[in-house]
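Trainee: What follows is a single structure, and I will ask about it in a moment.
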Amino acid sequence: MSDGLRPRPPVTDPGEVSDLARTLRAAGTFALDLEFVSESRYIPELCLVQVGWGSTEAPEVAALDPLAVDVGPVVALVGDPGVRTVLHAATADLALLAQRFGIVPAAVLDSQVAAAFLGIGDQIGYGNLVEALLGLRLDKGAQFTDWRRRPLSPQQLAYALDDVRYLHQLWPKLEARLRERGRFAWAEDETARVARAAVTRLLPEEAYRKVKGWNELHGKPLGALAGAAAWRERLALADNKPPSWIAQDRTLFDLARRIPHDVRALAEQRGLREGLAYKHGAELLTALREGAADPPPSPPRFERLPAKAEVWSVLLSGIVAARAKETGIAPRYLAARDEVERLVRWWLDGDRENPPPDLAVLAGWRHEIAGGALLAWLKGEAQLVIDEASEVGVRMVGGGVAEQQVR
């Protein structure tokens, strides 16, 4: 849905970009959305930048053409702590801005996260959120069009601008509800965590940790894998092609375990891009051999949890689910299953006064909702209960603590 007016063409003049950046900074809050092409690319190609600001009833909107002008002055505001940037499902957009412009997000707000903390829906789509809060049904017909095409059609521009027009309108409603329920700080904290994860990129020397099965290797094979993965990562970035287009994970894994003697033997390896062995084979063999000569530390070996601990993990996950249902927040925001297992392992290790920093459920608002109950159960101060309606809950025992149970 749009306002029926023919959209203005995207901004292509550097002076207009600078003026728009000043306007957005003065506004203090603006909505942002990006259109990009990711197919056959390692780092997506930015094709359009849309912004919305001003009145929430009738926002100003504009599009900028990054294929024709430097949009840096506008997108740099995402890293300005004095300007609030509202996005929906911000991960991909923030990752692109970090990779292309080196932007570290500051005061970022994510409407999808906000909706999840209000029980509106976990990972709700933008169109469904607009319909839920504003009663408008958006036309998504242009969603999968070619954003590199120039000139962009009026339909493409209308679709793109609607993404920020209504985002700017719905954010105040989300913020008001979050503050009313005392959850605005929670949503801010989770959005900051999402933003940190989005812009965190492994160095080429650490790229081996993304190869499936890397932790099965030790010593020289692990070093060879690290060298080959670093070589692949650098080539992928230089050519802007997905790493799997250069060499599949399984191929690197096999090469690390048995390094070929020469380029001819390398060319017989399955899973390498055609012609790559003769174009880059010497580099790859050098990376394998040098890596094998200087392997990284072997990954820590975790012994299988004892049977009782596996049962504990299931029961603690039930507590997380109960708290999630009670608050209307998806369990994954409180503690994923692997974090629950790490909690059990830490508890059994005996250092119970110093929880590891990666146990987010034991800090801040997560501790308030779920972490405290998990610790209480581990200490024997709480019971996991199921009522007659098969609802799961947590009952604190002893000391006159009131029962808390999901109904």
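The values are calculated or read from the model by the stated rules, or taken from the named source; none is laboratory data. Note that this is a predicted model, so its numbers are computed, not measured. Heads up, the Cβs are rebuilt from the backbone with ideal geometry, glycines too, and the neighbour counts pull from every protein chain shown. When the accessible area is computed, the model is the full protein with side chains, heavy atoms only, and any ligands, DNA or RNA have been set aside. Shrake-Rupley method; radii C 1.70, N 1.55, O 1.52, S 1.80 Å.
Trainee: Would you mind computing, in nm to one decimal, how far apart the modelled labels at ARG6 and THR145 are, each placed 7 Å from Cα along Cα→Cβ?
Mentor: For the pair ARG6/THR145, the computed spacing is 1.5 nm.
Trainee: Could I ask something else about it? State the extension gain, in nm to one decimal, for the chain segment bounded by LYS173 and ALA321, taking 0.36 nm per residue of separation less the distance between their alpha-carbons. Numbers along the way, then the final one.
Mentor: On the way: separation 148, 0.36 × 148 = 53.28 nm, distance 2.74 nm.
Result for the pair: 50.5 nm of gain on full extension.
Trainee: Can you sort ARG270, ARG352 by 1.4 Å-probe accessible area, starting with the largest? Mind dumping the intermediate values first?
Mentor: On the way: ARG270 200, ARG352 110 Å².
Result, largest first: ARG270, ARG352.
Trainee: Name the chymotrypsin sites (Phe, Trp or Tyr not before Pro) in region 90-186 that are in a loop by DSSP and that have at most 11 other C-beta atoms within 10 Å, would you? Walk me through the numbers on the way to the answer.
Mentor: Working: sites: PHE101, PHE117, TYR126, PHE144, TRP147, TYR159, TYR166, PHE184, TRP186; in loops: PHE144, TRP147.
Taking region 90-186 and a limit of 11 other Cβ atoms within 10 Å, the loop chymotrypsin sites (Phe, Trp or Tyr not before Pro) found are PHE144.
Trainee: Nearest 5 is fine: what % of DSSP beta bridges in the chain come out antiparallel, could you say?
Mentor: Values: 19 of 26 bridges.
In the chain, approximately 75 percent of DSSP beta bridges are antiparallel ones.
Trainee: Follow-up. Hand me the tally of lysine pairs in the chain: alpha carbons under 27 angstrom apart, and the pair either on different chains or 8 or more positions apart.
Mentor: For the chain, qualifying lysine pairs total 13.
Trainee: Let me ask you something else. How much area per residue is accessible in the chain when the probe is 1.4 Å and only protein heavy atoms are counted (Å²)?
Mentor: On a per-residue basis, 50 Å².
Trainee: In addition: Want the number for GLU274 to GLN383: 0.36 nm per residue separation, take away the alpha-carbon distance, what's left?
Mentor: Full extension of this stretch gives 33.2 nm more.
Trainee: Let me spell out the model: positive unit charges on the Cβ of Lys and Arg, negative unit charges on the Cβ of Asp and Glu, origin at the Cα centre of region 154-286. What dipole size does that give, in debye rounded to 20? It would help to have the intermediate numbers written out before the result.
Mentor: On the way: 23 positive and 18 negative charges, 44 e Å.
Roughly 200 debye, rounded to the nearest 20.
Trainee: Can you give me the % of accessible surface on the chain that is carbon or sulfur? Probe 1.4 Å, all protein chains present, nothing else counted.
Mentor: 50
Trainee: Provide the FRET efficiency to the nearest 0.05 for the GLU290-ALA363 pair, computing r from the beta carbons and using R0 = 41 Å.
Mentor: It comes to 0.50.
Trainee: What full-extension length gain, to one decimal in nm, is calculated for ARG234 and HIS261 as 0.36 nm per residue of separation minus the Cα-Cα distance?
Mentor: Value of the extension gain: 7.4 nm.
Trainee: So, one more: Mind checking the dipole of the chain: about its Cα centre, +1 per Lys or Arg Cβ, -1 per Asp or Glu Cβ, Debye to the nearest 20?
Mentor: 760
Trainee: A follow-up question, please. Could you work out the relative contact order of the chain, using alpha carbon pairs under 8 angstrom and six or more residues apart, expressed as a whole percent?
Mentor: Relative contact order, the chain: 13 percent.
Trainee: Here's another thing I want to ask about it. Helix-derived [θ] at 222 nm for the chain: sum -39500 (n - 2.57) over DSSP H runs of at least 4, divide by residue count, nearest 500?
Mentor: Helices in the chain give a 222 nm mean residue ellipticity of -14500 deg cm²/dmol.
Trainee: With +1 on each Lys and Arg Cβ and -1 on each Asp and Glu Cβ, how big is the dipole of region 221-347 about its Cα centre, in debye rounded to the nearest 20?
Mentor: Charge dipole of region 221-347: 280 debye, to the nearest 20.
Trainee: Moving on to the next point. Using a 10 angstrom cutoff on alpha carbons, build the Gaussian network for the chain and name the most mobile of ARG304, ARG196, ARG234.
Mentor: ARG304
Trainee: Using only the Cα atoms of region 113-237, build the gyration tensor, take square roots of its eigenvalues as a ≥ b ≥ c, and label the shape rounded, prolate or oblate: rounded if a/c is under 1.5, else prolate if a/b is larger than b/c, else oblate.
Mentor: Here region 113-237 falls in the oblate category.
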